[in-house]
Amino acid sequence: MPDSATPVGLAVPTRKPAPVPTEEPKDTTHTPSQRYLSTRGGSYGLSFEEVVLKGLAVDGGLFIPEEVPSLPRDWESKWLNLSFSELAFEILSLYISPSEIPSADLKEIINRSYSTFRAPETTPLVPLDEKDNLYLLELFHGPTFAFKDVALQLLGNLFEYFLVRRNQGKTGRERHHLTVVGATSGDTGSAAIYGLRGKKDVSVFILHPKGRVSPIQEAQMTTVLDANVHNLAVEGTFDDCQDTVKALFADPKINETLNLGAVNSINWARILAQTTYYFHAYFSLKRSPLYNPTQKVRYVVPTGNFGDILAGYFAKRMGLPAEKLVVATNENDILDRFWKTGHYEKKAVHGVEAEGGIAADGAKAHEDGVKETLSPAMDILVSSNFERLLWFLAYEYAAGAKMDEEWTKRQAGQEVESWLKHLKSKGGFSVQPEILEAAKKDFESERVSDAQTIGIIKLFYATPISNGTTNGTSGYKGGYILDPHSAIGVAASLRSINRAPDTYHVSLATAHPAKFSNAVELALKEEPGFSFDNVLPQEFVGLEKKEKRVIAVPRGAGWEGVRKIVEDEVEKELKSSR
Ligand SMILES: Cc1ncc(COP(=O)(O)O)c(C=O)c1O
Ligand SMILES: N[C@@H](CCOP(=O)(O)O)C(=O)O
């Protein structure tokens, strides 16, 4: 068995062990920072620690805070020059009181989480076209080269902190053992594995759709040989993996015996952690010598499971002056169709879906409805976090009835539940015109085809960066190599700039291009001087040839088949470790 401190697969910085919590736990009655509701109407009075460890509410809903805190007075001047970690501390402290995690501990967890990032600014803001006010927010400088590291480094350390606190003085089967189950279309899996590999009292099971993640993503996950890491290659789509994970959470038996934990963005801590970079980008802009305070800011987000952009929505609700959040989808465009029509339907109903599963722009539809695109991490039909936005939209609609707060919240939960029942039974639902209007106040949306994605990768490689700095992806001076997901954001940004010139556009760059050789090679192989080897970080060289460990899950195994694998593997682990 490899030593968990010895990096396998990825060359990683050495991690410091988690410190023992600085204060004695005050039995089990940590004063909760605030309580959390379920988007399906339940209110369980749970604390931050409880929602982080549970992941999903028992009614199948997602947790949301009862109150979205407002920003402190003078936040703009007080936070202007803070580092990423200092900013994360200020934001997280609005949700987590020191009685739940003492401030010194929270600071230490945050600092440790971001010490693994390669960029000193953690998430640097790079000017892509200063004339057009277009900036790229590079979120891929963490250990696995994807934006997921920002939240999953923190979540891994939070899990560890809570488990150390719960398990003090306990031995053997008395110890709280967490069984993390997650679904991935490529990036969450490796970021979660990296955040949790070798951690005590945690087993990790990651389900990925076999053959539908990029070869580097697959290797990043399956070459990690730590005993507590289990990769499951599922015959099916990402949505099948996500449905299986949700079915496991809905099963009281496994939930009780194995203490399931979530690493997907259904876990509230993922969203909370991601709000930091929206603020960080805002302050990076404000500190720039060219900043014009009369210009507004838009954030453009390549979107799949709706977790990344939802963090922006929370930042906006807290008070960040984001004029709009722009949803950028690939050809799996359920979200774009929602903003255009008010219908949330699994199956495309507008003109782009042509007969025989071939769309007008040449995209192939899979028999299961998901198109395989050049941005595979966003090949998702049902975006789980959209449910959280639906709750807020339903809440505001219900508030029009001017009833008390309890009634309004209950009403919102019931509305969400009824929409989701329709999604399950009829494949879709429609919202009231007022709700669509409310959704349009904060959001716009764009759909970007594969052909457009390739066009954008080419364009920005061929166009020198306006200030001539070395870009963060390859060291190439002049042009910029975008990964296909980030390219979708940039394509949507250019369209948004046409509608809203004189507005800053912060386009979120969600992965390093080396993870997606297929799209990058397709776009750039004929460009003079281009070589994919120059894009490849040292950490990826030879990765695909390393020893792998993976469990195959045949089509038809169902969630019960996965449950059996999880139960058996956890039992083996517990036997060998205790
Ligand atoms: C590289 C990349 N870009 C964009 C996304 C979409 O993010 P979200 O699912 O939070 O909408 C993902 C996956 O989630 C991803 O891995
Ligand atoms: N694109 C994701 C899909 C899972 O999304 P999550 O944000 O809910 O974890 C991936 O790369 O796995």
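Treating only the Cβ of Lys, Arg, Asp and Glu as charged (+1, +1, -1, -1), what charge dipole size does the chain show about its Cα centre? Round to the nearest 20 debye.
Approximately 560 debye in magnitude.
Using a 1.4 Å probe on the protein heavy atoms, what percent of the accessible area of region 264-321 belongs to carbon and sulfur?
51 percent
So how compact is the chain: Cα radius of gyration and Dmax in angstrom?
22.5, 66
Ordering 345, 100 from largest to smallest accessible area (1.4 angstrom probe), what's the sequence?
Reading off the accessible areas and sorting them downward yields 345, 100.
Given a 1.4 Å probe and every protein chain left where it sits, what share in percent of the accessible area of region 21-144 is carbon and sulfur?
49 percent
Per residue, how much accessible surface does the chain expose to a 1.4 Å probe? Answer in Å², no decimals.
38 Å²
Full-extension gain between residue 73 and residue 174, please, as 0.36 nm times their residue separation minus the C-alpha to C-alpha distance.
31.8 nm
Which FRET efficiency value, to the nearest 0.05, do you get for residue 576 and residue 502 by plugging their Cβ-Cβ distance into 1/(1 + (r/R0)^6) with R0 = 45 Å?
For residue 576 and residue 502, the calculated efficiency is 0.10.
What is the chain's relative contact order, in percent, from Cα pairs under 8 angstrom and six or more apart in sequence?
That works out to 19 percent.
Please compare each pair in 210/546; 246/402; 107/200; 440/515 to a cut-off of 30 Å on the Cα-Cα distance and tell me which ones are over it.
Long pairs (Cα-Cα over 30 Å): 246/402; 440/515.
Return the long-range amide H neighbours of residue 61 (sequence gap of 5 or more, or a different chain), with a cut-off of under 5 Å between placed amide H atoms.
40
I'd like the Karplus ³J(HN,Hα) series for region 431-448: coefficients 6.51, -1.76, 1.60, θ = phi - 60°, whole numbers in Hz, and an x wherever there's a Gly or Pro.
9, 5, x, 5, 6, 4, 4, 5, 5, 6, 5, 9, 10, 10, 9, 9, 10, 10
I want to check the label-to-label distance for residue 317 and residue 405. Put each point 7 Å from Cα in the C-beta direction and report it in nm to one decimal.
With each label point 7 Å from Cα toward Cβ, the separation is 1.4 nm.
With θ set to phi - 60° and the Karplus curve 6.51 cos²θ - 1.76 cosθ + 1.60, what are the ³J(HN,Hα) couplings of region 205-210 in order, to the nearest whole Hz, using x for Gly and Pro?
10, 10, 9, 10, x, 4
With a 1.4 Å probe and every protein chain kept in, tell me what percent of the accessible surface of region 496-549 is carbon plus sulfur.
The computed percentage sits at 44.
Report the per residue volume, in Å³, of the convex hull enclosing the C-alpha atoms of region 229-294.
173 Å³
Suppose the chain between residue 58 and residue 414 were pulled fully straight at 0.36 nm per residue; how much longer would it get relative to their current alpha carbon spacing?
126.6 nm
Considering the Cα positions of region 371-528, please state its Rg to one decimal place and its Dmax as a whole number of Å.
Looking at region 371-528, its Cα Rg and Dmax stand at 20.4, 66 Å.
Report the net charge of residues surrounding residue 278, where surrounding means a beta-carbon distance below 12 angstrom and charges are Lys +1, Arg +1, Asp -1, Glu -1.
Summing Lys and Arg as +1 and Asp and Glu as -1 gives +2.
Hey, what do the phi angles of region 167-182 turn into as Karplus ³J(HN,Hα) couplings, whole Hz, using 6.51/-1.76/1.60 and θ = phi - 60°, x for Gly and Pro?
Using θ = phi - 60°, the values come out as 9, 4, x, 9, 10, x, 6, 5, 5, 6, 10, 9, 10, 7, 10, x Hz.
Quick check for you: which residues of region 286-322 have the amide N under 13 Å from the point 7 Å beyond the Cα of residue 81 toward its beta carbon?
287
The values are calculated or read from the model by the stated rules, or taken from the named source; none is laboratory data. Here the structure is a predicted model, which is why all the values come from computation and not from measurement. Heads up, the Cβs are rebuilt from the backbone with ideal geometry, glycines too, and the neighbour counts pull from every protein chain shown. Heads up: the accessible areas ignore ligands, DNA and RNA and are worked out on the full protein's heavy atoms, side chains in. Shrake-Rupley method; radii C 1.70, N 1.55, O 1.52, S 1.80 Å.
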